[in-house]
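Participant: Here's a structure for you.
Every read-out reported here was derived from the displayed coordinates using simple, explicitly stated rules and does not represent laboratory data. Given the structure is predicted, the values throughout are model-derived calculations rather than measurements. Because the Cβ atoms are built from the backbone with ideal geometry, glycine has one as well, and the counts that use them run over all protein chains shown.
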Amino acid sequence: MTIFGKILIFFNLLAAGGFAYLATQDWQGRQNINAAGVRHVIIVYGLPLDAVVDKDAPKSDDPDAVPFRIPLAGGYQTTTVSKQLLEAFMKIAPGVSADPNRDPALPSLGAPGPAGAVPNQLAEVRRVKTLIDGALSGATSPAVKLKLLATWMQFQPETYEERAAVLKMIKDADVDGLSKALDAKFAAVLEAPKPADAEATGPLAEADADDAAKQKEKIEKVDASRLAPIDDTERRMRLAHLLMHLDQDAEWQKRVAVVVGLRRHVGALVAQSRRFLDMAERTRGDMPAEQANYQIHERNQLRLAIDRTDLANRQAELKLKWIEQEKQEADSVGQRETQLKALQTRLAKIKAEVDELLTRQTGIESALFEVQREVAVTLDEVYRLEAVLEAREKELLKSAAKGGN
């Protein structure tokens, strides 16, 4: 081969290397543009709803590719994205609260790092549901569980009746009812849309008094049909509503905006604002009747308070009277006790004197008894001597009579 041919081969190789370099740069530029486009679409429209794998799409060379279907400009639709791109994108909104005044019992729903790089919105809902279930299972007391459920459910209601029911459950500390209501919110998002029931969602037929049970059953079917979304659009709306009203933390709201998209986030916020406005209007409409009932109740309570105050005043006067009487009687009792002590002292003294007199009387009686005994003995001797004398006189009289004769 001539020198000229070798030179041509050398220049051809240089040109091929240049074209390869330009192709690589072009490919990298396209990748960067596609990544920027994907990030823009995600920020505006959010992550895909779920992981739908397109069997007809060409397989990706990246083993870490994640199913990721979102529409781009020109009708082009992505099928996968790299795991590194997804993780890098989700780093902008980990959702971890930075509020130093946050209640330590309330867990942060965000997830920094690879754990927070969810590929679709339903995956985010499942992750949050697992976190919430773990927090409820690890609650140290029913009061802590009630606080968690009240925080997650207080802004979820979409109707006046639902909000009244939630507030009543919070007031009554109905942990089971709040838990079931929260599970129903998650089930409405995680479960696939069901076709509308024509009988349940259609107009209710007129029913007379005998058909009240059937009418009630139809109303219950209508209420049950409202819990499940009828299509993916409503499902996305319910998903955004659920996530954004679980926590009011600013970092969590940023993550929800990234997951569901700014448009859906703003739409859910506006829709809930209108619902709260309707609730406020209804509350204002009910206020006159409530105020009238309150005033009636207030007047009744005022009269009752006045009556009970008068009764309490009378009872207080009676109490003072009885207290004064008690003091007087206590003084009288004191005087009587003093007199009683004096009488007891006199009685003891008299008793001692009586005992002494009785002792003296006993001695005198003993002496008198001795005197009586001596008198009795003397009398016996006198009687004996009289008898002897009488006998002697009789003998003398008999002797004198015999001598005279």
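Participant: How big is region 151-196 along each principal axis, measuring the range of its Cα positions in Å and listing the largest first?
Facilitator: Its Cα atoms span 36, 21, 16 Å along the three principal axes.
Participant: Something else: If each of residue 9 and residue 298 carries a label point 7 Å out from its Cα toward its Cβ, how far apart are those two points in nm?
Facilitator: It works out to 10.6 nm between the two label points.
Participant: Can you give the extra length, in nm with one decimal, that the chain gains between residue 309 and residue 83 once fully stretched, where that is 0.36 nm per residue apart less the Cα-Cα distance? Before the final figure, lay out each step's value.
Facilitator: Details: separation 226, 0.36 × 226 = 81.36 nm, distance 7.58 nm.
Working it through step by step, the gained length comes to 73.8 nm.
Participant: Here is a follow-up. Give me 383, 45 ranked fewest to most by other Cβ atoms within 10 Å of their Cβ, as a rough exposure proxy. Let's see the in-between values first.
Facilitator: Details: 383 10, 45 16.
Least crowded to most crowded, the residues run 383, 45.
Participant: Under a crude label model (7 Å from the Cα following the beta-carbon direction), how far is residue 338 from residue 386 in nanometres?
Facilitator: 6.9
Participant: Another question, if that's okay. Would you please give the residues with an amide H less than 5 Å from that of residue 80, counting only those at least 5 places away or on a separate chain, with H modeled from the backbone geometry?
Facilitator: 68
Participant: For region 229-385, what is the charge dipole size about the Cα centre, in debye to the nearest 20, if Lys and Arg each add +1 at the Cβ and Asp and Glu each add -1 at the Cβ?
Facilitator: Approximately 1480 debye in magnitude.
Participant: Right, here's the next one. Just from the alpha-carbon atoms, what are the Rg and Dmax of region 318-398 in angstroms?
Facilitator: 33.4, 110
Participant: Which ³J(HN,Hα) values in Hz, rounded to whole numbers, follow from the phi angles of region 387-399 under the Karplus curve 6.51 cos²θ - 1.76 cosθ + 1.60, where θ = phi - 60° and Gly and Pro get x?
Facilitator: Coupling constants for region 387-399: 5, 5, 5, 5, 5, 5, 4, 4, 5, 5, 4, 5, 5 Hz.
Participant: Quote to one decimal, in nm, the extra length available between residue 44 and residue 192 on full extension: 0.36 nm per residue of separation minus the C-alpha distance between them.
Facilitator: On the way: separation 148, 0.36 × 148 = 53.28 nm, distance 2.42 nm.
Between residue 44 and residue 192, full extension yields 50.9 nm more.
Participant: May I pose another question? Given the convex hull over the Cα atoms of region 237-301, what projected area results after averaging over all orientations, in nm²?
Facilitator: Projected over every direction and averaged, the Cα hull of region 237-301 covers 5.9 nm².
Participant: How many nm is it between the label spots at residue 326 and residue 283, if each spot is 7 Å from the Cα in line with the beta carbon?
Facilitator: So the label points at residue 326 and residue 283 sit 5.1 nm apart.
Participant: Explain nothing, just compute: Karplus ³J(HN,Hα) = 6.51 cos²θ - 1.76 cosθ + 1.60, θ = phi - 60°, for every residue of region 370-383 in order, whole Hz, x for Gly and Pro.
Facilitator: Coupling constants for region 370-383: 5, 4, 4, 5, 5, 4, 4, 5, 4, 4, 4, 5, 4, 4 Hz.
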